[in-house]
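Okay, so here's the structure we're looking at.
Derivation of every value follows stated rules applied to the coordinates shown; laboratory data play no part. On a predicted model such as this, the values are computed, not experimentally measured, just so you know. Note: ideal-geometry Cβ built from the backbone for every residue, glycine included; neighbour counts use all protein chains shown.
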Amino acid sequence: MAPQIKYTKLFIDNEWVDAKSGKTFETRTPSTGSVIAKVAEGDKADIDLAVAAAKRAFHRNSEWRLMDASQRGRILNKFADLVERDAQYLAELESANNGMVLTTAVAFMSSAVKSVRYVASLADKIQGDTIPTDGNTMTYTLKQPIGVCGLILPWNVPVLMFINKVTTALTAGCTVVVKPAEQTPLTALALAALLVEAGVPKGVVNVVNGFGPGAGVALTHHNDVAKISFTGSAEVGKLIQQAAGKNNLKRVTLELGGKSPLIIMNDADLNIAVPYAANAVFFNQGQICIAASRLFVQSGIYDKFVEAATNYAKSIKVGNPADASTQNGPQIDEEMMKKVLKYIETGKKEGAKLMVGGKRVGCSGYYIQPAVFADVKDDMTIAKEEIFGPVQSILKFETLEEVIDRANDTSYGLAAGIFTTNLDNALQYTRHVEAGTVWVNAYLVGGVQSPFGGFKDSGIGRENGMNCVDSYLEVKTVVMSLPKKF
Ligand code: NAI
Ligand code: MG
């Protein structure tokens, strides 16, 4: 049974409101393509109201600004408890709106709860330094919240993205306007309701659904927004970087795409490497920024690996995300499905060898059978562009030195991995590969405790980790003259 949809309006200043224009847009479930809700469509007028509410909530005399830091942490911990209480419902809503396999959505809810608790624990540990300057001064630093933050979310892991960004901003003491992805507004609205139930004061969190060119652009150009945190495409990331410098000077955190290289050396244990490599690119239907979408396999094991990877992909069960036995659900929408199918056609045309999959499954919903391409060359489109779908591209290499240069020959630098039983290989690769996260004999494992972000065009800044709050803080140096020494 489909989960109940309780919230479809905009959430501004603690009120559920229609868009000023009265407009709504349809939201669909990717498992069948049918409309499951009509959601208020915010644009500039609604962003203006939401930013004004967030600005009032950030005033020096506001309840939020006067609140003890420990109390902010307490409210966020209460929020974690509420997410835990409603985890099954939130997972069902996430699965219905995003098409994510339900078992994956359930696992993400438990990661989300851990994330909130980890970050919230930092609320009363934001502290500066005392500094021994030259001269007769008492010098110290204060770390203070930046102000109103615009948080622009993608559709691929909506709950986790909302939680990571909102919780970090609130822990720092900022106020926020969230713009969920147009494909997946529903869980963001449900989470806003939980934040209020947890005790977050009026205006601190606002959610404006809508599209990039409307609500998104208005938020990134707004003069009263001090910072934008964005996860999404590199193309829009660059637009946001430009918008951030147009009126006021906004701080930006950008978490963008990738074309992450995974290296399998001759000495790797194939029983481990084959399933890991498959999961690394097929997980969540390939809709993850860290997908290992360039799989470099050393020549000595190449043929054997391709055969095993093909058999593995064949065995993946594609189907209804709500079924417990389903491994891969649908792509997010018709546009993304068509985009991925087009990449598969291009791969074939440019001479890569399609070993298995690559076809649409069924005629309702947006399902694609996981595809394995062998004999992929570095200059082929499927080896260069982010596909964001279930497409494994296998490339052959001879030496580690050669493959490090090939792995780095991309504008992206988000993640990387290597499977080897030789320590020197692992050390050389982890040292030289240009990526924000590198796995050795593993992939995709980790959590909120580790810093996450990209080199090069994969982004700016880091999220998660002990220092996650820093990008929502300004450092103020206070210099006080001391009485003359005696
Ligand atoms: P997108 O980057 O266009 O959308 C992400 C978010 O940005 C959405 O909330 C959207 O409404 C908003 N947005 C779009 N244009 C904007 C603008 N000019 N100003 C402000 N906000 C704007 O991503 P899209 O179109 O959904 O997917 C395109 C490609 O992006 C995918 O094929 C994939 O390669 C990549 N992508 C990467 C993600 C990641 O996790 N790094 C997540 C989603 C997509
Ligand atoms: Mg787009």
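Can you list the HN-Hα couplings for region 9-20, worked out from phi with the Karplus curve (6.51, -1.76, 1.60; θ = phi - 60°), rounded to whole Hz and with x for Gly and Pro?
Whole-Hz 3J(HN,Hα) from phi for region 9-20: 9, 8, 10, 10, 6, 6, 10, 8, 10, 6, 5, 4.
For region 250-263, take each phi angle, set θ = phi - 60°, evaluate the Karplus expression 6.51 cos²θ - 1.76 cosθ + 1.60, and give the result in whole Hz per residue in order, putting x for glycine and proline.
The phi angles translate into 8, 6, 9, 10, 10, 10, 10, x, x, 9, 6, x, 10, 9 Hz.
Between S110 and N279, what is the FRET efficiency for a Förster distance of 22 Å, r being their Cβ-Cβ separation, to the nearest 0.05?
0.75
For a distance above 15 Å, tell me the whole-number percent of Cα pairs in region 234-329 that qualify. Intermediate results must be reported in sequence, preceding the final value.
On the way: 3163 of 4560 pairs.
I get 69 percent for the Cα pairs in region 234-329 exceeding 15 Å.
Using a Förster distance of 60 Å, how high is the FRET efficiency between S411 and M480, based on the Cβ-Cβ distance and rounded to 0.05?
According to the calculation, E is roughly 0.80.
Show the residues, 5+ positions off or on another chain, whose built amide H is closer than 5 Å to the amide H of S293.
Amide H neighbours of S293: S260.
222 nm [θ] for the chain, helices only, -39500 (n - 2.57) per DSSP H run of 4+, per residue, to 500?
Dividing the helical sum by the residues of the chain leaves -11000 deg cm²/dmol.
Rounded to whole Å and ordered largest first, report the semi-axes of the equivalent ellipsoid of the chain derived from its Cα gyration tensor (root of 5λ).
The equivalent ellipsoid of the chain has semi-axes of 39, 29, 19 Å.
Any chance you could run the full-extension gain for H59 through D267? It's 0.36 nm times the residue separation minus the Cα-Cα distance, nm to one decimal. Can you show the working numbers first?
Details: separation 208, 0.36 × 208 = 74.88 nm, distance 6.00 nm.
Working it through step by step, the gained length comes to 68.9 nm.
What is the Cα centroid distance between region 160-191 and region 231-289, reported in whole angstrom?
Region 160-191 and region 231-289 have Cα centres separated by 20 Å.
Quickly rank 341-347, 77-83 as a protection proxy: mean count of other C-beta atoms within 10 Å, highest first.
Numbers: 341-347: 17.9, 77-83: 20.1.
Taking the mean over residues of other Cβ atoms within 10 Å, the ranking is 77-83, 341-347.
Cα gyration tensor of region 155-263, axes a ≥ b ≥ c as square roots of the eigenvalues: rounded (a/c below 1.5), prolate (a/b > b/c) or oblate? Don't skip to the end; give the middle numbers.
Details: a/c = 1.65, a/b = 1.21, b/c = 1.37.
Cα axes put region 155-263 in the oblate bin.
Round to the nearest 0.05 the FRET efficiency obtained for K342 and K317 when R0 = 22 Å and r is the Cβ-Cβ distance. Working shown, then result.
Numbers: r = 25 Å, r/R0 = 1.12.
Once rounded, the FRET efficiency stands at 0.35.
Pick out the long, greasy-scoring helices in the chain: whole DSSP H runs spanning 20 Å or more along their own axis by Cα, mean Kyte-Doolittle at least -0.5.
Long hydrophobic helices here: 102-120, 158-172.
Give me the percent of DSSP beta bridges within the chain that run antiparallel, rounded to the nearest 5.
Roughly 45 percent of the beta bridges in the chain run antiparallel, per DSSP.
Is the shape of region 399-457 rounded, prolate or oblate, going by the alpha carbon gyration tensor and its root eigenvalues a ≥ b ≥ c, with a/c under 1.5 for rounded and a/b larger than b/c for prolate?
oblate
Test of understanding: what is the full-extension gain from Q4 to E26, defined as 0.36 nm times their sequence separation minus their Cα-Cα distance? Could the numbers behind the result be given before it?
Values: separation 22, 0.36 × 22 = 7.92 nm, distance 1.61 nm.
Between Q4 and E26, full extension yields 6.3 nm more.
What relative contact order, as a whole-number percentage, does the chain give when Cα pairs under 8 Å and 6 or more residues apart are counted?
That works out to 18 percent.
Let me see the pair-distance distribution of region 224-266: every alpha carbon pair, 5 Å bin width, integer percents in order.
6, 22, 23, 15, 10, 7, 6, 5, 4, 2, 1, 0
How many Å³ per residue does the convex hull of the Cα positions in region 121-201 occupy?
It is 120 Å³ per residue.
Starting from a Cα-only point model with no solvent, please compute log10 I(q)/I(0) by Debye for region 382-486 at q = 0.10, 0.13, 0.22 1/Å.
-0.42, -0.61, -1.35
For each of L249, L395, L122, count neighbouring Cβ atoms within 10 Å of the residue's Cβ, then give the residues from fewest to most.
Working: L249 9, L395 23, L122 19.
Ascending Cβ contact count within 10 Å gives the list L249, L122, L395.
Run through every distinct alpha carbon pair of region 58-209 and return the Kirkwood hydrodynamic radius in angstroms, one decimal place.
Radius from the Kirkwood sum: 16.2 Å.
Quick check on region 261-448: take the gyration tensor over C-alpha atoms, sort the square-rooted eigenvalues as a ≥ b ≥ c, and tell me if it's rounded (a/c under 1.5), prolate or oblate.
Taking the square roots of the gyration eigenvalues as a ≥ b ≥ c, region 261-448 is prolate.
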